[in-house]
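The values are calculated or read from the model by the stated rules, or taken from the named source; none is laboratory data. Remember, it's a predicted structure, so these values are computed and weren't measured experimentally. With ideal geometry, Cβ positions are generated from the backbone for all residues, glycine too; neighbour counts draw on all protein chains shown. Ligands, DNA and RNA are stripped out before the accessible areas are found, and what is left, the full protein with its side chains, is counted by its heavy atoms. Shrake-Rupley method; radii C 1.70, N 1.55, O 1.52, S 1.80 Å.
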Amino acid sequence: MEPGSPELRIVERAAFPELAALVHDDDEPHALALVANFISFLFFFDDMVDSAESDVGTDSSLTRLIADRMMAGVRGRSVTVGAPALPLTREDRARIDALQRMLADISHRLRAYTPRIEPFIETVGEYLDGVVDEAHLRGLGIGFSTVEFYSDLRVLVSGVRPCLDLGAIVRGIEVPPALRETEAFARARRACNLNCSYVNDLFSYKKEALMGEASNVVMVLEQAGVAHNMRDTLNDACGLTSRTVLDYLAASRELDDSDAGTRGYLRLMQNWMRGNLDWCLEANHRYVEASSTSLADMQVNSLSL
């Protein structure tokens, strides 16, 4: 991101580093920079693939090729050697190469904390597989028939899981493998993930509605037709979001007597839920300026992207 470049202006406008700081409020600057870099990667990559108006977001075979290049990056390869050119514009190919190098750089810096970064690599893989599945559904024109169906995919494509595992590495937190497999830990992590996802859905609803996107819990509830008007639909979405907090608290209580590493991971999840909410309320001007649901009198060109 060169000084004065459009990409840098987007980062400054969207306040990605502020989100990192709200979550990692007591980390060292080099750890905070690493977290901010990965969050920036997620948002840039998501803006590229989460679109119903491009081949990247609707052609799952193309999305798979791009996801594979990102996995090569997270495993430490800065450039995909010998791979055929992607059927994209020169500018998009350059952006994909840059994002791949960005992931390679992040993985390299993470290994300075510990050589054992497999949990991070695995959750990045889960995220990328979810992005491909979402592109497949979008390409087929298949919507989300139930909140459960939407939520199962949302926990994969939100990017929260790799953020948690990256955060654990920079904080020196290790959760015993056996405990990671427990139902209580899985429920706590799912609740944290859905909380961040639903909060972002509430604030990004207007923007996504104007862009023709359907991957939003408010829209899923709209399509389900349970509520009679938008006010009730939003109330239902807020109720689902509050439920995730209660679910998290119930699961975390079962882990109160766990080891220090697990308690540190729980604290990180709490930081993500609160920090993400504060970011949407205070720092993310891109969402705040388009958070109203009064779409009837809204001109598309008034939306600040």
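For this structure, a couple of remarks:
- Test result for Glu222, farther than 29 Å from Glu118 by Cα, among the acidic types (Asp, Glu) and assigned to a loop (DSSP other than H, G, I, E, B): no
- For segment 145-158, the set of residues classified as in a helix (DSSP H, G or I) and over 21 Å from Leu42 (Cβ atoms) consists of Val147, Glu148, Phe149, listed by residue number.
- Test: residue in segment 92-115 that is open to solvent by less than 10 Å² (accessible area, probe 1.4 Å), polar (S, T, N, Q) and touching a residue at least 40 places away in the same chain (Cβ under 8 Å): no
- Some residue of segment 68-85 being open to solvent by 60 Å² or more (accessible area, probe 1.4 Å), part of a helix (DSSP H, G or I) and at pLDDT below 80: no
- Looking across Asp46, Asp55, one residue alone is modelled with pLDDT under 90 and farther than 30 Å from Gly172 by Cα. It is Asp55.
- Hits in segment 124-144 (condition: part of a helix (DSSP H, G or I), touching a residue at least 24 places away in the same chain (Cβ under 8 Å) and open to solvent by 10 Å² or more (accessible area, probe 1.4 Å)): Gly125, Glu126, Asp129, Val132, Asp133, Glu134, His136, Arg138, Gly139
- Filtered residues of segment 2-27 (kept if in a loop (DSSP other than H, G, I, E, B) and surrounded by 11 or more Cβ atoms within 10 Å (Cβ to Cβ)): Ala15, His24, Asp25, Asp27
- Taken over segment 200-218, the residue count meeting the criterion of being outside any helix (DSSP H, G or I) and either touching a strand residue (DSSP E or B) at 6+ places or on another chain (Cβ under 6 Å) or not charged (D, E, K, R) (or both) is 5.
- Only one of the numbered conditions (1) within 20 Å of Ser151 (Cβ to Cβ); (2) small (Gly, Ala, Ser); (3) in contact with a helix residue (DSSP H, G or I) (Cβ under 7 Å, 6 or more places away or on another chain) is not met by Gly225, and that is (3).
- Residue that is most open to solvent (accessible area, probe 1.4 Å), among those in segment 173-199 that are at pLDDT below 95, in a loop (DSSP other than H, G, I, E, B) and under 15 Å from Asp257 (Cβ atoms): Pro176
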